[in-house]
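Chemist: Just dropping this structure here.
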Amino acid sequence: MVTFEQARREPELRQSYTEQVDLGEFAKYVKDVIYTPPRSETSQTTFMSTCRNRINAIFNIPTTKSTILVFPFAFENSKITTESDFINCLKYHEGTHAKQNFKASPTEFGASARYIKQYGLTDFIHHIDREFDKDVPLKFSKREKEIEAYARQLTAHSSGEAPISQSYELSVRGMLAYYSGIPQIRILEIFSPW
């Protein structure tokens, strides 16, 4: 069994380590957990990301399991300092996103191809799961998704399910406050006739 400290020191052990983390209640929503090199500049400073098939994401098709990508920064940054911090982030934050994707809640983007083409929403689709400019209001339901995921992390911490270090708790609380303060816009309300 690979320990968190071994995975931090030896990158070749990180995939084995991520595979052994018990996702508990969220396992049924996750197809795979993959340790991967950064895919973009943004993922060089991102811990993890939850993604699903692009077509399913665009049309908001429910009951699709997600893949969680774990980036090197999850092991190399100064915010996640303990194994419990790592597990809290993987299980409760990314697991919550996997559950959201699987459930495909009605607040998510689910326009048909006809409306996408008719109202010129194609450019917006490409931003669904990407990082955003911090000065631009969030599109669709990313704001709510992040609030729910950060709140779930703090609930797991306070209940003792997955306690986290004080420094990581401050970081999670800061991100929760950040997302809570971002204005929400719904592009479909602007463009759609229904």
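Chemist: Of A149, A162, which residue is buried (at least 18 other Cβ atoms within 10 Å of the Cβ), in contact with a Ser or Thr (Cβ under 9 Å, 6 or more places away or on another chain) and closer than 10 Å to D85 by Cα?
Modeler: Working: A149 fails: closer than 10 Å to D85 by Cα.
Testing whether each residue is buried (at least 18 other Cβ atoms within 10 Å of the Cβ), in contact with a Ser or Thr (Cβ under 9 Å, 6 or more places away or on another chain) and closer than 10 Å to D85 by Cα leaves just A162.
Chemist: In this structure, does F86 turn out to be buried (at least 21 other Cβ atoms within 10 Å of the Cβ) and at pLDDT 95 or above? If you could, list the steps in order and put the result at the bottom.
Modeler: Numbers: buried (at least 21 other Cβ atoms within 10 Å of the Cβ): yes; at pLDDT 95 or above: yes.
In short, yes.
Chemist: Please count how many residues of the range 1-15 are over 18 Å from C89 (Cβ atoms), of a type in the set (D, E) and not in a loop (DSSP other than H, G, I, E, B).
Modeler: Number of matching residues: 1.
Chemist: Of A7, A98, which residue is modelled with pLDDT of 85 or more, within 19 Å of A151 (Cβ to Cβ) and small (G, A, S)? Spell out how you get there, then give the answer.
Modeler: Numbers: A7 fails: within 19 Å of A151 (Cβ to Cβ).
Only one candidate qualifies: A98.
Chemist: Taking the options L138, L154, name whichever one is of a type in the set (A, V, I, L, M, F, W, C), modelled with pLDDT under 60 and either more than 18 Å from L170 (Cα to Cα) or surrounded by fewer than 21 Cβ atoms within 10 Å (Cβ to Cβ) (or both). Write out each step before concluding.
Modeler: Details: L154 fails: modelled with pLDDT under 60.
On inspection, the qualifying residue turns out to be L138.
Chemist: Just checking, which of R186, R114, R130, R143 is of a type in the set (K, R) and at pLDDT 50 or above? Talk me through it step by step, then tell me what you get.
Modeler: On the way: R186 fails: at pLDDT 50 or above; R114 fails: at pLDDT 50 or above; R130 fails: at pLDDT 50 or above.
Testing whether each residue is of a type in the set (K, R) and at pLDDT 50 or above leaves just R143.
Chemist: Has the range 166-182 got at least one residue that is among the acidic types (D, E), over 19 Å from L69 (Cβ atoms), modelled with pLDDT of 50 or more and not in a helix (DSSP H, G or I)?
Modeler: Here is the first cut: in the range 166-182, the ones among the acidic types (D, E) are 169.
Still in the running and over 19 Å from L69 (Cβ atoms): 169.
Those still in the list that are modelled with pLDDT of 50 or more too: 169.
Then keep just the ones that are not in a helix (DSSP H, G or I); that gives none.
Checked against the condition, which is being among the acidic types (D, E), over 19 Å from L69 (Cβ atoms), modelled with pLDDT of 50 or more and not in a helix (DSSP H, G or I), the range 166-182 yields no hits at all.
The values are calculated or read from the model by the stated rules, or taken from the named source; none is laboratory data. None of the values given here were measured: they were computed from a predicted structure. Every residue, glycine among them, receives a Cβ derived from its backbone with ideal geometry; neighbour counts consider all protein chains shown.
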